[in-house]
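Single-structure report; data block below.
None of the figures in this text is laboratory data; all of them are computed from the coordinates on show. None of the values given here were measured: they were computed from a predicted structure. Glycine gets a Cβ as well: all are built from the backbone with ideal geometry, and neighbour counts include every protein chain shown.
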Amino acid sequence: MNMKQIIERFGEKTKSIWNSIINYTFIRKIRSLWGTGKIQKTSRVTYDVIWNVILFFLIIGFVVAFFVGGLGAGYFASLVKDEPIRSQEDMESDIYNYSETSKLYFSNDIYIGDIRSELKREETTLDKISPTLVQAVTATEDEYFLEHEGVVPKAIFRALFQEVTNASVQSGGSTLTQQLIKNQILTNEVSFERKAKEILLALRLENFFEKDEILEAYLNIVPYGRNANGDNIAGIQTAAQGIFGLDADEVNIAQAAYLAGLPQSPSYYTPFQNSGGLKEDAGIKPGLDRMKTVLNRMLEMGHITKEEYQEALNYDLVADFIKPEASPIEEYPYLVRELQIRAEEIIKEKLAEEDGYEIEELETNEELADLNEEYELIAEKALQNNGYRIHSTIDKEIYDAFQEVAENFKHYGPNKNTKLTDENGDDYYIEQYVQAAAFLVENKTGRIISFLGGREYSEDDQTNYVTSKRSNGSTMKPFVYASAMDKGVVQPGTPIADVYTVFPPNNYAPNNFDLRYHGLLSARDHLKDSYNIPAIKTYMKILNDNPVEQYIEKMGITTLRDNEYANPSLAIGATTDGITLEENTNAYNTFANNGKFVDAVMIDKITTVDGDVIYEHETEPVEVFSPQTAYLTIDMMRDVISNGSATYLNSQLKYTGVDWAGKTGTSQNVENVHFVGVNPNVTFGTWLGYEYPDSLRCDSCSLYHSNRNLELWSELVNVATDINPELLAPSERFAQPEGIVSRSYCAISGMLPSELCAQAGLVKTDLFNAKFVPTQTDNSLVRGARVMVNGKAVLAGSNTPDGFVEGNGLMFNPEWFQSMGYNKLSDPTQLYPSKEREKWEKIALPGSNSHSSISDDGKAPGQPTSINTSEGNLVWSKSDSNDVVGYRIFRSSSPDGNFELIGSTTQAEFQVGNDYAFYHVKAVDYFGSESTPSSVITVGEAPEPETEEEEPSGEESPDESSSQNNEANGDNSSTDSNNEDN
């Protein structure tokens, strides 16, 4: 408003005042009497004198008034000279630029609560505010609101007089319009300059806005003290909800009067303490007294009747004050905190991109660190003040069920006194309980369905263990095998030797969880039972291609350091900083999505108060593996559950028939246990561990530490499936893509089966990527002279008795054996797996390795014991000597007669029939020495003695009979002689 407009406005006000003066009843009577002429006739002299006096004072008054008015106008102009002329758009932006608390939602728009902020405010519209409440506000704060044009002159003059005379303030001089200007454009500074600007802007605002618009804006910005939880609140809707638990259009007369009275002194009149909960009676009384004042004004202005007034006075308002309720941060601490963190990240990224910055550049470029921090602060403030609607992907019912399962779970394990070291190097102990975390994500969309952040959120421990970095142990192994399979280095059936191995560059010599080696088994078997050395061997084959950069990082695992891929132990989850449960679990959806990774998302969209979408998640799959690699990995992990390290799950799952695949994981010193399971729809992972890492071993617990985690996993899956079986328990199985074939191979080499491999009984069948099926025939076996020593095949020595040597037995091909590096093993028998070991032990080891463990002690082997008969067979207990190659069986016609050799065997039994005879057995060692005979055993029944009879005539002569008998004996002697030679 320029000076000309101000003077014109002042002139109009002066004219209005003059018109008011001359229209007073007393003045009108004087003018009427004057018009009759009686006064003039009575005293002309008096008339002239009085009139001249009146005229003199009128002239002086007008001169003074104009002089004072000019001074006032000039002073007013000087006060507002620096105030810019604001357009309607500028004023609209300023007036509606008030903070509103952002709100959080579960999926399907189920309200969670407000984010944490310094001030709670929810915007509303005038049509959603009770008319009685509007009347109470105007009656209290601005009775001429509908009539004035932004200011009330007499109120201003009254306030000015009170200021000048230092009189006590009886009532304020500000209209609602002025209060709106003060709160939204100016400050609370007490000065004539601020007041002058306030008047000027109020007049201008009234020219631009309707009364309803001004009133609505005022009711949304005005502070109302605190709610039942002790939060600072502003806006009439927030006040009605926070004090009475009602919407602003539901309050009665007493409640409306109480709310209308609060803005005069919100902190004084509020019924609630700063920490939440009601004040004492003395603290509540001022607000109730203020309510009575408001009711009185409403009555005076005719907004309520005397009956309504009296009824409101007698109303028990205190009974309507609500009690403190659990805030969202108290009820859902992990969820609210995580949503707020992620929403701030989204807003920060959006703001940075609008200014031309990439978020990765901001967060990694040290020169932009200050700018990055500035964007963080702006995003935080925007989230607190802009009234965003944060729509999450979290299923409320499943999330609540997860928290309940965690609260009632019985198998966490014991509390532990853990030794820690302070900054001075001194040791101290803390008692801590086992923490837990879980993460459930939908495969195709990446929507996070639910999670468990921990067992108990507190000020001392606010850690969300889903996003806390921990070693992922053997759950890393599927990433390793998948990377190697994608390159064709291995396939599920590829044999890998689990034997003592030292890895470069630091002579790293790992062991397995059971402190044993398991020999030549397939990659499938090694993953199924979670053996470490084969996983590291597989990783070393692809190490030079940096599998972390090529595969693992593409699966959303971002916490590994740049050169960490060079560590062999990475293959079994030994990381520098660890991997979050979220990243680790989320990575597994790559296998379910045919080799494409879909990043997890917790916020589906963010909208403004008006419903405008400022962010909406879009799924962007990242290609990592071929569909064939992904399926083969899934198929291998099926075995982990069906008959591997996670077999315990089968007895715990409520919904059977679901196509689950997964992997267990235990970190070093059993400080973390993991399990990640994936089906065609979802991926789900759980973790157990202590806040400060310590061993989870528990000899007194009813469940093994890994099974305790599997128990938690199954309980959570079962309850989630109860709620949404369509999502958690799909009937379809993982679809096998084209390019997957079934092929037979030799379990020794992984090549196509040879005739010798088939004879050894070691031909296996497994799935292959058609691109990587074996094309060469197995060459790991040859035939050669061998002998069985205690059931194990070894090459025959120079003194080994020929009768026990198989001249055409199976043995490892020395060339193949050397090419695989097995000739360097100190104990090549480590190659024999416990699975079907008897087949492997019949294969002789080549070269010096064949009898390196057999030494001649110069002693005869121990004799066989416990000799017995069974259905025409001699049976005995084997010699206790370790170098026995077989047994020789001897027979005699009498116990004291000459025992002659009748045969030999490598077994502990020999068929002799049921004829009457006497037998003993001797053990023979690798060097040809015989044991002492076993005890003698009788077989068959002795024949009855023959009686003498008279020889019939025509029979042979005694000489002929004797001759024939001798021939027969000679034949028998010849047979025995041949057997002895053999």
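Give the residue from LEU543, GLN432, LEU710 lying farthest towards the positive end of the charge dipole for the range 417-728; charges sit on Cβ (+1 for Lys and Arg, -1 for Asp and Glu) and the dipole is referred to the Cα centre. Working it through, the farthest residue towards the positive pole turns out to be LEU543.
Between THR608 and LEU126, the FRET efficiency estimated from the beta carbon spacing at R0 = 22 angstrom works out to 0.65. Taken as Cα centroids, the range 254-314 and the range 890-921 sit 117 Å apart, rounded to the nearest whole angstrom. The length gained on full extension between GLU423 and ASN873, counted as 0.36 nm times the residue separation minus their Cα-Cα distance, comes to 154.3 nm.
Each residue, TYR704 and SER651, gets one label point 7 Å from its Cα in the Cβ direction; the gap between the two is 1.1 nm. Would you work out which of ILE579, HIS526, ILE557 lies farthest towards the positive end of the dipole of the range 417-728? Charges go on Cβ: Lys and Arg +1, Asp and Glu -1. Going by the charge dipole, the pick is HIS526. Among the listed pairs LYS878/LYS922; LYS477/LYS537; LYS292/LYS323; LYS487/LYS554, a Cα-Cα separation exceeding 18 Å is found for LYS292/LYS323.
For the range 417-728, the C-alpha radius of gyration sits at 1.00 times the compact-globule guess of 2.2 N^0.38 Å, with N the residue count.
Ranking of MET636, MET540, MET301 by neighbouring Cβ atoms within 10 Å, starting from the fewest: MET301, MET540, MET636. Taking a straight line from the alpha carbon of LYS285, these aspartates and glutamates sit under 17 Å away, with near neighbours fewer than eight places off in the same chain left out: ASP316, ASP320.
Eigenvalues of the Cα gyration tensor times 5, then square-rooted: what semi-axes does that give for the range 715-864, in whole angstrom, largest first?
Details: eigenvalues 391, 91, 34 Å².
Values for the range 715-864, descending: 44, 21, 13 Å.
Only counting other Cβ atoms within 10 Å, I'd like HIS303, HIS411 sorted with the fewest neighbours first.
So the ranking, lowest neighbour count to highest, is HIS411, HIS303.
Just the number: Rg to Rh for the range 781-850, Cα atoms, Kirkwood Rh, two decimals. Write down the numbers at each step before the final one.
Values: Rg = 11.6 Å, Rh = 12.2 Å.
Taking Rh as the inverse mean 1/r over Cα pairs, Rg/Rh reads 0.95.
Placing R0 at 30 angstrom, the Cβ-Cβ distance between VAL936 and ALA758 gives a FRET efficiency of 0.10 after rounding to 0.05.
Among the listed pairs LYS416/LYS663; LYS469/LYS541; LYS541/LYS792; LYS654/LYS764, give every one whose C-alpha distance is greater than 30 Å.
Distance filter (> 30 Å) returns LYS541/LYS792; LYS654/LYS764.
Once the Cα-Cα distance is subtracted from the 0.36 nm per residue extended length, the THR777 to GLN432 segment shows a gain of 118.4 nm. Here the residues TYR517, TYR916, ranked from fewest to most Cβ neighbours within 10 Å of their Cβ, fall in the order TYR916, TYR517.
Here the range 543-611 and the range 691-713 have alpha carbon centers that stand 26 Å from each other. Amide H to amide H distances under 5 Å link ILE614 with ILE606, THR607, THR608, where only residues 5 or more positions off or on other chains count and H is placed in the peptide plane.
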